[in-house]
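Step one of this worksheet: look at the structure below.
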Amino acid sequence: MKLIYRKAEALDAPRIADLFLEMLRTIYNTDDVQGYEDGYLDKFFSTEQEDLIYVAEADGKIVAYLSVEVHRREGYIYLDDLSVTSAYRGQGIGTKLIKMAEEYASKVGIIPVVFHVEKSNIRAHQLYKRLGYQDNEDQGSRMRMAKELRKVK
């Protein structure tokens, strides 16, 4: 299986939306979940924005994605909605997407990188700790995690 990693395009939005629902169903262990609001993903495909989504493709189908939001005013990069479809979990795809996002953060000169993880998502929490992220703020059902990066010159 050959994986292709790339920046997402607007045509990828339906598959990304499906993966988002799969992620929510997995985390909350229910089919009663809400997807993205209409038009929400558009900001990630605008050439006027720094926000983007990275995807992993296998056999011509998107199997994972990670959205990356640039918060210049607040001074951090926010990683949101990392989803790897069930058949491809545990193969390093999420790690690769996170590394791509960290490289992007360094290139645009914004550190730290932060995100939230549901406390019930123990596997993801362990992955993020292995990648150097630290618990930053307990927010009830979820934990804010952060990692300081070095800027690329």
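No value in this document is a laboratory result; all are computed from the given coordinates. What you see is a predicted model; the values in this text were computed from it and never measured. Because the Cβ atoms are built from the backbone with ideal geometry, glycine has one as well, and the counts that use them run over all protein chains shown.
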Point to revise | Other-chain or far-sequence residues with amide H under 5 Å of residue 119's (modelled H) | key: 142, 143
Practice item. Report relative contact order for the stretch 3-147 in percent, whole number only (criteria: Cα-Cα under 8 Å, sequence separation at least 6). Key: 18
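Of 26, 85, 47, 95, how do they rank once you tally other Cβ atoms within 10 Å and put the fewest first? Could you put the intermediate results ahead of the total?
Values: 26 17, 85 20, 47 4, 95 14.
By the 10 Å Cβ count, ascending: 47, 95, 26, 85.
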Point to revise | Stokes-Einstein diffusion coefficient of the stretch 66-153, Kirkwood radius over Cα pairs, 20 °C, 1.002 mPa s, in µm²/s | key: 161
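How large is the helix-only mean residue ellipticity at 222 nm for the chain, computed as the sum of -39500 (n - 2.57) over DSSP H runs with n ≥ 4, divided by its residue count, in deg cm²/dmol to the nearest 500? Let's see the in-between values first.
Values: 3 runs with 41 residues, N = 153.
Computed mean residue ellipticity for the chain: -8500 deg cm²/dmol.
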Review point. Which of the helices in the chain, when you take each full DSSP H run, stretch at least 24 Å along the axis at their Cα atoms and have an average Kyte-Doolittle score of 1.6 or higher?
Key: none
Study note, to complete from the structure: Most packed first (mean Cβ within 10 Å per residue), the peptides 112-124, 132-144 order as 112-124, 132-144
Study note, to complete from the structure: The answer for trypsin sites (Lys or Arg not before Pro) in the stretch 1-92 that fall in a DSSP coil and have at most 16 neighbouring Cβ atoms within 10 Å is 2, 72, 73, 89
